[in-house]
Amino acid sequence: MRMDFQRKLPIPQEVKQEFPLTEKMSQVKADLDKQIQDVFEGKSDKFILIIGPCSADHREPVLEYISRLRRIQEQVSDKIIIIPRIYTNKPRTTGQGYKGMLHQPDPEAKPDMYKGIVAIRDLHIAALRDYDFSCADEMLYPENYRYLSDLLSYVAVGARSVENQQHRLTASGIEVPVGMKNPTGGDLSVMMNAITAAQSSHTFIYRGWEVTSEGNPYAHSILRGYLDYSGHSVSNYHYEDLLRVNELYAKTNLVNPSVIVDTNHNNSGKKYLEQIRIAKDIVHSRSCNDDVKRLVKGLMIESYLEDGAQSAGEHVFGKSITDPCLGWDKTQQLILDIAEKV
């Protein structure tokens, strides 16, 4: 093989033993999991905001951002459940560029996967221990999920991964909600098939074991827009799009029909400031139709301390080094505006 095997990495159980959760942290997460699951089951009418940087790049600004989310969560707790995005893996279309903290805990240093595993677990632990937030991450690599499985309350499967069999089968064995994004080409049947697979039981190979999954009743759709045949962004968050997804769910035997709408990516045409308008448009659509209100459980928003994006070497504290994000002032106002309307 044309690979240089650098070193054998510790298995998740070993990392969890070295960096364990306290009993209090586990209880906080269990309570949050129940609140989130109640929303997906229709037992709670709270609105979910999965919000945070496009990718977590440095520990300090991410935790500063999360500390601010904690303060605003207290203001809107009767209406909104905030799930911070701590996305520690960054999918790259060509495989080039910054791949996230798992690969590079220091974005300007060489990749170091062991340091990355320790860094991402430490960051998620700090969010739970210090700010009572169990967070969201993207499952870019199914075999790595267990390094964080005791910390995450939400998992996303990206547009490039949603057709992959291993992602679908692993999602079927996860206990928390897993969002399956529509693929980059926009075919909603791919997304619906992924949800069906994730909600079903399977026997498969996972981390060298033969395992049988129970099926995940909280697997659901994430609408993120798509690219048409000529490479132009097409949105799929509009009222008519939501009705269409509701009809697709009605033709299945899936439980807990749910949608999270990603306000960025191809829904915004990667114009990050459009997220404000799009979020308000979706909240308005929910107010117009009870079926849409039941279906749309929340939003996914890319936000950080500073507006926009920078290159890795610019060192602006809390400014994204991947996709542009909403800055904090705009984010705070948007959360308060949403809380008034839901």
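The values are calculated or read from the model by the stated rules, or taken from the named source; none is laboratory data. Small disclaimer: the values here were computed from a predicted structure and weren't measured. Backbone-built Cβ (ideal geometry, glycine too); neighbour counts: all protein chains shown.
Brief remarks follow.
- Selection count where residues are of a type in the set (A, V, I, L, M, F, W, C) and free of Cβ contacts under 8 Å to residues at least 24 places away in the same chain, scope segment 15-71: 1
- Filter result for V316 (of a type in the set (A, V, I, L, M, F, W, C), within 30 Å of R70 (Cβ to Cβ), free of Cβ contacts under 8 Å to residues at least 24 places away in the same chain and out of contact with any Lys or Arg (no Cβ under 7 Å at 6 or more places or on another chain)): yes
- If the condition is being within 18 Å of I66 (Cβ to Cβ) and charged (D, E, K, R), then segment 77-103 contributes only R85.
- Among the residues making up segment 118-147, those that are among the aliphatic types (A, V, I, L, M) and without any contact (Cβ under 8 Å) to a residue 60 or more places away in the chain are M139, L140.
- Scanning segment 283-298 for residues that are in contact (Cβ under 8 Å) with a residue 12 or more places away in the chain and either acidic (D, E) or buried (at least 23 other Cβ atoms within 10 Å of the Cβ) (or both) yields D291, V296, K297, G298.
- Residue match in segment 161-168 (condition: under 21 Å from P53 (Cα atoms) and within 19 Å of the chain's Cα centre (by Cα)): yes
- Residue check for D137: outside any loop (DSSP other than H, G, I, E, B) and in contact with a strand residue (DSSP E or B) (Cβ under 6 Å, 6 or more places away or on another chain): yes
- Candidates V176, V162, filtered to the one that is more than 20 Å from Q27 (Cβ to Cβ) and buried (at least 19 other Cβ atoms within 10 Å of the Cβ): V162
- Residue in segment 179-202 that is within 14 Å of the chain's Cα centre (by Cα), at pLDDT 95 or above, aliphatic (A, V, I, L, M) and part of a loop (DSSP other than H, G, I, E, B) present: no
- Note on segment 219-263: residues that are out of contact with any Gly (no Cβ under 9 Å at 6 or more places or on another chain), more than 24 Å from T196 (Cβ to Cβ) and surrounded by 14 or more Cβ atoms within 10 Å (Cβ to Cβ) total 3.
- Matching helices (runs of 4 or more DSSP H) fully within segment 1-104 where at least 3 residues are in contact with a helix residue (DSSP H, G or I) (Cβ under 7 Å, 6 or more places away or on another chain) and surrounded by 15 or more Cβ atoms within 10 Å (Cβ to Cβ): 23-40, 59-76
- Filtered by the rule that a residue be closer than 11 Å to T170 by Cα and out of contact with any Lys or Arg (no Cβ under 9 Å at 6 or more places or on another chain), segment 180-199 gives a lone residue, Q199.
- On the stretch given as segment 74-94, residues that are under 23 Å from G179 (Cα atoms) and either without any contact (Cβ under 8 Å) to a residue 40 or more places away in the chain or over 19 Å from the mean Cα position of the chain (by Cα) (or both) total 3.
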